[in-house]
Amino acid sequence: MAALSKCPAKPSITATRPTAFSHYLPFLHASGFWISRFPFLQNGIVVVESALGMKQLFVLFGFAMISAYAAEMERFAFNDKKIPSGVEDLKAIQKSMQSVLEKVRAATVCVELGQGSGSGVIISEDGLILTAAHVTSGVGKEVTFVLSDGRRVKGESLGLSSDSDCAMAKITEKGPFPFVEVDKEDQSRLGDWVFSLGHSGGYNKDRGVGVRIGRIVKSTESTVQTDCSLIGGDSGGPLFDMHGRLIGIHSRVGPTITENMHVPTREFVLHWDKMLKGEFLGEGPFAKKPKKGTGFLGCGSEDREGKLVVTKIGRESPAEAAGIKVDDILIKLDGTEIKDKKHFQAMLAEKCADDKVTVVLLRAEKEISLTIKLAER
Amino acid sequence: MKFFLTRRFFSHSSLLVIFASSMLGHHAYAQELLDTEFRTNGPLMHALVAPTAEVLQKSSAVIFEGRNEEISFGTIVSADGLILTKASEIAEKKDLSARIDRRSYPLKEVIAVDPVWDVALVKVDAADLTPVPFAESSNIEIGTWCVANGAATRFQRRPMIGIISATTREIKADGGPVLGIALTKDDDGLLIGEIPEKSSAHSAGLKKGDIVTHLDNQAMKKREDVAKFMENRKVGDEVEVTFLREGKEQKAKVTLAGRGDTFGAPATRNDAMSGEVSKRRSGFPRVLQHDIMGNNKTCGGPLLDLDGKCIGMNIARANRCESFAIPVEELLQLIEKLKAKQPAP
């Protein structure tokens, strides 16, 4: 498993290459995971606590079992065979995939950011997107998404987990958008038949989203490996089970064509709320945390009679774009009263490029509150 | 529902056993590895598509250079020894032979080459070969299983499987069509600088130092004139070049080729992770795309459906996850066109 290389379309969105992969740990679930994966266990606990007789307990337990098996029933028979029994099974695999293909291809987007491109998948009608951390590379970045029909829409990156290559983003234009179902219950198993989609090498309208078939050949806590081939531009694209449920996001490839690594959706579930809030999680290697002090506002100021007065606005600066004017008096930054210029600068020095700050200023004795996204210094 | 009913008749104890084993089952995927034999292109999957392997055994060829060097596959299109293969892979190769089923045939003659499709029609001395059975149409839904030649042994052809993975379409020539000459401005016209050996201008007899004056009788004064002329042309088009050599006007017919294929294109990061790809992998009027793994040496053979019918001919390994095949409709037309170039017996 040495010499892993990630696969963005162009090097500009490459994160540092992970030298040693530290995630191949024995499989350990958080307790919450266990409960969610075994709903019948919860039933069991309820039964014991309400101190019913053995007979009812067994009856209820039986129901729990039936509900557990109802979930099992959903599994395709071909997934529980080490190898398909014959051409009929191959055709069943094909049929199940083809019945969902049109829908899931429509929800697979090309993610354009800077010089490079990756892929992503829409998971809600209003345009929430799952992709890879090494594709978005940061929080709050402006992104263009190319929908499978060629329509280009604007959006921004949300939070990410930089040590496992998960990221969220959202379309900021109005939906509805085509979307897919996420397998949050972690139902896929080793050997299951799966397929990968992505905008390999960038968006190509004539070709459309490329589809590749394979099986899950290895599974660890934070990585699923398949023999569905991937290439640059596929990064961040979706891996589906044969029901068309999202089970992973493409992350990187190994030296041979059969080594293709995806981040399982269970890893997204772990970080879901924090990513949705726009947090930058982990210390890499898939994305680098922006350095403090890289945020740029672009307005000069000086202390006058105990007040901090704006004296200069940088051309094409975030300050100019937000509408700050010369002679405005700066009062608050992110809710904190500004004491003087030194204090203001010290607070700004804690900010990074792409951070959003709220500035309250006084103009003609009226308070004005502005939310400004900092540029890169 | 049937499943529900049968479950009810299970005893409590057996339920508990199932319960325990299902827990173990859920728990057990940590760190597991699927044995190679069960993988998508493992031997057990290949055994499943044995009927298609039988077609490959009889109706595909392995093209050798010398005794041991496999350079391409071929598609058998007549009982009397006509075989299609990938032209650019056999070009300028010597001592060629074709292994079909368990026999080896010397490959003496290249009957015709189609520069557009990069296909050569070759012939071996045989009388009872099995031509590949053609499918009625290549109009196949994305996601449909397909089969192509995999690694061959001396006596056995092996299948590789995959799916149709994208929309059937034209693959434009990388960098657009070119004559295959480097032009510099000269007072009298356009002076030919370098001509790469594999360019079609070179094979048409043009030389360094010749001065190009007309293309298809249109005067060419500047390089921009040539660029404009090329806008409406495509790879495979024939262009009449009028040129001056030692002051004398001469003419030559040059077949346009792709810029990237003629002058080489810089390797991309995606090329770096794709292994050996085809030298000629763009400039095809229409291709089926599939995800069957391969390399520069695995083209030329038939692309089959699960019934063993030929839906196309593999013509390029483009990159790590894209392989191209000529659709059966175009393939049949091409066979007729190339056969017509066969000298009368």
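Taking the condition farther than 19 Å from B:Leu288 by Cβ, part of a helix (DSSP H, G or I), away from chain A (no Cβ under 14 Å) and modelled with pLDDT under 95, does B:Phe155 pass?
When the stated conditions are applied, B:Phe155 does not pass them.
Step by step: first the residues of the stretch B:232-283, then only those that are surrounded by 15 or more Cβ atoms within 10 Å (Cβ to Cβ) and part of a helix (DSSP H, G or I), then the one that is farthest from the chain's Cα centre (by Cα). Which residue is that?
Among those that are surrounded by 15 or more Cβ atoms within 10 Å (Cβ to Cβ) and part of a helix (DSSP H, G or I), it is B:Arg269.
Restricting attention to the stretch B:127-161, which residues are over 22 Å from B:Glu330 (Cα atoms) and in contact with a Lys or Arg (Cβ under 9 Å, 6 or more places away or on another chain)?
Here is the first cut: in the stretch B:127-161, the residues over 22 Å from B:Glu330 (Cα atoms) are B:127-129, B:150-161.
Answer for the stretch B:127-161, where residues must be over 22 Å from B:Glu330 (Cα atoms) and in contact with a Lys or Arg (Cβ under 9 Å, 6 or more places away or on another chain): B:Leu129, B:Gly150, B:Ala151, B:Ala152, B:Arg154, B:Phe155, B:Gln156, B:Arg157.
Take B:Gly260 and decide whether it is out of contact with any strand residue (DSSP E or B) (no Cβ under 8 Å at 6 or more places or on another chain), modelled with pLDDT under 90 and not hydrophobic (A, V, I, L, M, F, W, C).
Details: out of contact with any strand residue (DSSP E or B) (no Cβ under 8 Å at 6 or more places or on another chain): yes; modelled with pLDDT under 90: yes; not hydrophobic (A, V, I, L, M, F, W, C): yes.
When the stated conditions are applied, B:Gly260 passes them.
Check the stretch A:197-214 and report whether any residue there is free of Cβ contacts under 8 Å to residues at least 60 places away in the same chain, of a type outside the set (Gly, Ala, Ser), facing another protein chain (nearest Cβ under 7 Å) and crowded, with 24+ Cβ neighbours inside 10 Å. Break it down into steps so the answer makes sense when it comes.
Within the stretch A:197-214, the subset free of Cβ contacts under 8 Å to residues at least 60 places away in the same chain is A:200, A:204-207, A:210, A:212, A:214.
Okay, now just the ones that are also of a type outside the set (Gly, Ala, Ser), so A:204-207, A:212.
Now narrow it down to the ones that are facing another protein chain (nearest Cβ under 7 Å): A:206-207, A:212.
Keeping just the survivors that are crowded, with 24+ Cβ neighbours inside 10 Å gives A:212.
Yes, the stretch A:197-214 contains at least one residue that is free of Cβ contacts under 8 Å to residues at least 60 places away in the same chain, of a type outside the set (Gly, Ala, Ser), facing another protein chain (nearest Cβ under 7 Å) and crowded, with 24+ Cβ neighbours inside 10 Å.
Can B:Ile192 be described as touching an Asp or Glu at 6+ places or on another chain (Cβ under 9 Å), crowded, with 19+ Cβ neighbours inside 10 Å, closer than 17 Å to B:Glu238 by Cα and not aromatic (Phe, Trp, Tyr)?
Numbers: touching an Asp or Glu at 6+ places or on another chain (Cβ under 9 Å): yes; crowded, with 19+ Cβ neighbours inside 10 Å: yes; closer than 17 Å to B:Glu238 by Cα: no; not aromatic (Phe, Trp, Tyr): yes.
Here the answer is no, as B:Ile192 does not meet what is asked.
Residue-wise test of (1) at pLDDT below 95; (2) at the interface with chain A (Cβ under 10 Å from one of its Cβ atoms); (3) crowded, with 18+ Cβ neighbours inside 10 Å.
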residue: B:Leu16; (1), (2), (3): yes, yes, no
residue: B:Ala20; (1), (2), (3): yes, no, no
residue: B:Leu24; (1), (2), (3): yes, no, no
residue: B:Val55; (1), (2), (3): no, no, yes
residue: B:Ser60; (1), (2), (3): no, no, yes
residue: B:Ser72; (1), (2), (3): no, no, yes
residue: B:Thr75; (1), (2), (3): no, no, yes
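All but one of (1) more than 12 Å from chain B (Cβ to nearest Cβ); (2) charged (D, E, K, R); (3) over 16 Å from the mean Cα position of the chain (by Cα) hold for A:Glu259; state the number of the condition that does not hold.
(1)
Among residues belonging to the stretch B:301-344 that are assigned to a loop (DSSP other than H, G, I, E, B) and surrounded by 24 or more Cβ atoms within 10 Å (Cβ to Cβ), point out the one that is farthest from the other protein chains (Cβ to nearest Cβ).
Step one: of the stretch B:301-344, the residues assigned to a loop (DSSP other than H, G, I, E, B) are B:301, B:305-309, B:320-321, B:340-344.
Pick out the ones that are also surrounded by 24 or more Cβ atoms within 10 Å (Cβ to Cβ) and you get B:301, B:320-321.
Values: B:Gly301: 18, B:Arg320: 4, B:Cys321: 4 Å.
My answer is B:Gly301.
If you go through the stretch B:97-148, how many residues are away from chain A (no Cβ under 14 Å) and not in a strand (DSSP E or B)?
The qualifying residues number 23.
With A:Leu246, A:Leu270 as the choices, which residue is of a type in the set (A, V, I, L, M, F, W, C) and assigned to a helix (DSSP H, G or I)? Give the steps one after another, and end with the answer.
On the way: A:Leu246 fails: assigned to a helix (DSSP H, G or I).
Testing whether each residue is of a type in the set (A, V, I, L, M, F, W, C) and assigned to a helix (DSSP H, G or I) leaves just A:Leu270.
Checking B:Arg286 against (1) surrounded by fewer than 24 Cβ atoms within 10 Å (Cβ to Cβ); (2) of a type in the set (Lys, Arg); (3) more than 13 Å from chain A (Cβ to nearest Cβ), only one condition comes out false. Which one?
Failing condition for B:Arg286: (3).
Would you confirm, using the coordinates I've provided, whether A:Ile329 is among the β-branched types (Val, Ile, Thr) and in contact with a helix residue (DSSP H, G or I) (Cβ under 6 Å, 6 or more places away or on another chain)? If you could, list the steps in order and put the result at the bottom.
Values: among the β-branched types (Val, Ile, Thr): yes; in contact with a helix residue (DSSP H, G or I) (Cβ under 6 Å, 6 or more places away or on another chain): no.
Answer is no for this residue.
Kindly list the number of the only condition in (1) surrounded by fewer than 22 Cβ atoms within 10 Å (Cβ to Cβ); (2) within 7 Å of chain B (Cβ to nearest Cβ) that fails for A:Val182.
Result: A:Val182 passes all but (2).
The values are calculated or read from the model by the stated rules, or taken from the named source; none is laboratory data. Only a predicted model underlies this, so the values are computations on that prediction, with no experimental measurement involved. We place every Cβ from the backbone using ideal geometry, glycine too, and count neighbours over all the protein chains shown.
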